[in-house]
Structure formats: structure tokens, C-alpha cells
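The values are calculated or read from the model by the stated rules, or taken from the named source; none is laboratory data. Small disclaimer: the values here were computed from a predicted structure and weren't measured. Cβ placement follows ideal geometry from the backbone for every residue including glycine, while neighbour counts extend to all protein chains displayed.
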Amino acid sequence: MEETIFRGIVVTKQQILSAMERFDRERRQSYGNWRTYAVEHLANQYPPKEILSMATGVDVPQFSGGEPTNSRFRELGFKVITIGDDPPLPDDLGISVSLERDLEKFLVANLGQLEPGLSLYAENGKSGQQFDTGIVGRLDILALDKAGDLVVIELKAGEADDQVCGQVLKYMGWVTENLAGKKNVRGIVVASDFSDNIKYAVKLVPGLALIRYEVRFLFRGV
């Protein structure tokens, strides 16, 4: 079968494949681990609800997982497996994902340390943490500065390269067109280090800033 119906929406196999490609490109490294079920495709595993949400535009909280979701993938010829616990990740990717999640949690609770006056965006029941734009993906943090302008914050656990610029700029463009109104929109990339390429690229984007974070360990005897 090449198409199925979900909540009155026609969903094609190609739409699911396109959503998987977007997930690999935009979300896999920052997406939290999921439990119970996974859709298998080309030796990769995908979270069923997230992929279906990306393919249809229906927000994840608006529908249930399990068989109502999994059956749509089976109808399109995909294999859905029970994973029980978190799907396995390569060691270095697992560390990266964990660090990004911890960094995100810390910043959401302490945005003023990144920039005085920053606060998490919240409107119409949507939080600025892992803000889902739908068409251009899920941005890490959407914040408001002390002037009320919008700030798109992208997090990288390691070194950020110039590819991050394109990622942040598309988020900024979406926010400008869909949320900002008369407000200004700017971006911040937070990473442990930055390649020379991104440093040069940012010179031509006055609304985009680079901020380096540091992780320090302190050991005391007990």
C-alpha cells in the first residue's frame, strides 16, 4: 500500500520517507531516546509518533502512540518493532545527545546566564523548549530578550561548523515570518568550540552570535 489515512489526512509512503530523511538530518542527534516501539528502515530506527507528526503536521500530544500509530506504518509496508528500552546509540553519539540534553535543561532553567533578561518563549500553550516549527524542524530553544524580541538558540555538544549557520537561519526565517510580527529576530549558537568556517560565515550575519560554553569538574574528598 502506498498511502494510508490518519485522522482524516492522506499519508503517503513517500511522505513518511521524507520525514525520516528530515529526522536524520535535523533531529536525530538532539532527539531524546524513546521507548517501546520503533520503525525500522534501512538499518535505522525511528520514533513512530515523531515521524508521523512530521509527515502530517499533527502535533505529537494530539494523538496516542501504540497500535493506532504503528498500524499506519504497517499499512505502508514498514516494520515496527518492540524495543522495550531506549534504542542503542553509538557510544560517541550517546554521549553527545546526553550532553546536549543536559545543556538544554540547564539553559532553559538559567537563560539569564547566557544573556541577562532572556526568558523562555511561551504562548498559546507552546513552550520555547524544543519548539516544533513543523516545516523546518524543531529548534532547541526559543527565547525572548529584555526588549521583547525573539531569540533562536541552537545548541551543539561539541564543535560547531558552518553547517549550523544554515540550520539556525532557517529557524530564524520561520520565526520571522510566523511569530515575530514587528519584533526583531536574532540567533545564538552555543557550542564548546567553533570552526574557522563558521566564524567567517557569522561575520556576514549581524543577527547571529556565537557563544562558547565550558564544562568544569570539581573533585572533593569525602
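Observations on the model:
- Members of the stretch 201-212 found to be in contact (Cβ under 8 Å) with a residue 24 or more places away in the chain and outside any strand (DSSP E or B), listed by number: Ala201, Val202, Val205, Gly207
Residue-by-condition table, conditions (1) over 22 Å from Gln29 (Cβ atoms); (2) among the hydrophobic types (A, V, I, L, M, F, W, C):
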site: Ile135; (1), (2): no, yes
site: Asp145; (1), (2): yes, no
site: Lys156; (1), (2): no, no
site: Gln163; (1), (2): no, no
site: Glu177; (1), (2): yes, no
site: Lys183; (1), (2): yes, no
site: Val222; (1), (2): yes, yes
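- Within the stretch 81-121, the set of residues being on the phi > 0 side of the Ramachandran plot and either surrounded by 15 or more Cβ atoms within 10 Å (Cβ to Cβ) or modelled with pLDDT under 75 (or both) comprises just one member, Gly84.
- Residue in the stretch 153-168 that is modelled with pLDDT of 90 or more, surrounded by fewer than 20 Cβ atoms within 10 Å (Cβ to Cβ) and aliphatic (A, V, I, L, M) present: no
- Number of the condition not met by Gln130 [criteria: (1) touching a strand residue (DSSP E or B) at 6+ places or on another chain (Cβ under 6 Å); (2) modelled with pLDDT under 90; (3) not in a strand (DSSP E or B)]: (3)
- Lys13, sole failed condition from (1) among the basic types (Lys, Arg); (2) modelled with pLDDT of 90 or more; (3) surrounded by fewer than 17 Cβ atoms within 10 Å (Cβ to Cβ): (3)
- Ala38 within 22 Å of Val168 (Cα to Cα), free of Cβ contacts under 8 Å to residues at least 60 places away in the same chain and surrounded by 14 or more Cβ atoms within 10 Å (Cβ to Cβ): no
- Checking each residue of the stretch 162-169 against the condition of being assigned by TED's automatic domain parsing to the domain that holds Val136, farther than 23 Å from Gln129 by Cα and within 19 Å of the chain's Cα centre (by Cα) gives at least one match.
- Residue check, Val185 surrounded by 12 or more Cβ atoms within 10 Å (Cβ to Cβ), among the β-branched types (Val, Ile, Thr) and within 11 Å of Glu159 (Cα to Cα): no
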